[in-house]
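The values are calculated or read from the model by the stated rules, or taken from the named source; none is laboratory data. Quick caveat, the model's predicted, so the values are computed rather than measured. Neighbour counts are summed over all protein chains in view; Cβ atoms, including those assigned to glycine, are modelled from backbone coordinates with ideal geometry. Remember, those area values only see protein heavy atoms, side chains included, never the ligands or the DNA or RNA. Shrake-Rupley method; radii C 1.70, N 1.55, O 1.52, S 1.80 Å.
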Amino acid sequence: MKATAISEMADWLEAHVDDIVGKNTALDTDKIYALLDALKVLPRPVATYLEMTQEKYYEDGSSHDLDLDGGKALVGEVHDRLMVNHVDGTLPENQIRFTYNHEDVYQDGYAPRRDCQILMYALEVLGAVAGVHGFDLFADNVKSDAVVSIALSAKTLADWQQQTATV
């Protein structure tokens, strides 16, 4: 995968956010999942985590930053998002630090535009690092819950597009 792929997806999302939210353009979750898998933060494909129970994920892969309800509910049903919002450090010295914040896209009912913006912004931040340094720094520096959150935003947005008919 080329180093600019993440930034290109973020740029595509930015150009198509109105069409995605208007249900005129389908969001391709497979492309987003492939980008997330290329980060090598998670030992298994990101899509498998969305089908895992929250209890299992908490025990086996979570960085313990997401607000999980626990139990048998699936990770794919989590409402919390851990958004990647900034990166700093020294790339030539391989020292980077990502910062995160929690976002609730269900505060007043599901907000698809907000989920699209969370997805787009996280990919912009990750893409900036990949564009300069490739994919080598992600595994040791990105929280697993942030990667799962990006996948959650993509899945939830795509599911919403399919559930609600265009008027």
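Taking the protein heavy atoms of the chain in the context of the full set of protein chains, the accessible area attributed to carbon and sulfur is 47 percent at 1.4 Å. Only helices at least 20 Å long along their own axis, judged from Cα atoms, and with Kyte-Doolittle mean hydropathy of -1.0 or greater: name those in the chain from DSSP H. The answer, listed by residue number, is 5-21, 112-133, 144-163. Efficiency by 1/(1 + (r/R0)^6): what FRET value for H16 and D159, r their Cβ-Cβ distance, R0 = 25 Å, to the nearest 0.05? It comes out at approximately 0.90.
By definition, a body whose alpha carbon gyration tensor gives a ≥ b ≥ c is prolate when a/c is 1.5 or more and a/b is larger than b/c, and region 76-119 fits this prolate description.
Translational diffusion of region 119-167 was estimated from the Stokes-Einstein equation, with Rh taken as the Kirkwood radius over Cα pairs; at 10 °C and 1.306 mPa s the coefficient is 128 µm²/s. For the listed peptides 114-126, 143-155, a ranking on the average number of other beta carbons within 10 Å per residue, highest first, reads 143-155, 114-126. Projected label points at H133 and Y106, each 7 Å from Cα along the beta carbon direction, are separated by 3.5 nanometres.
Cα centroids of region 33-52 and region 134-150: 10 Å apart. Treating r as the C-beta distance of N24 and T48 and R0 as 25 Å, the FRET efficiency rounds to 0.25. The stretch between T4 and E59, if pulled fully straight at 0.36 nm per residue, gains 16.5 nm over its current Cα-Cα span.
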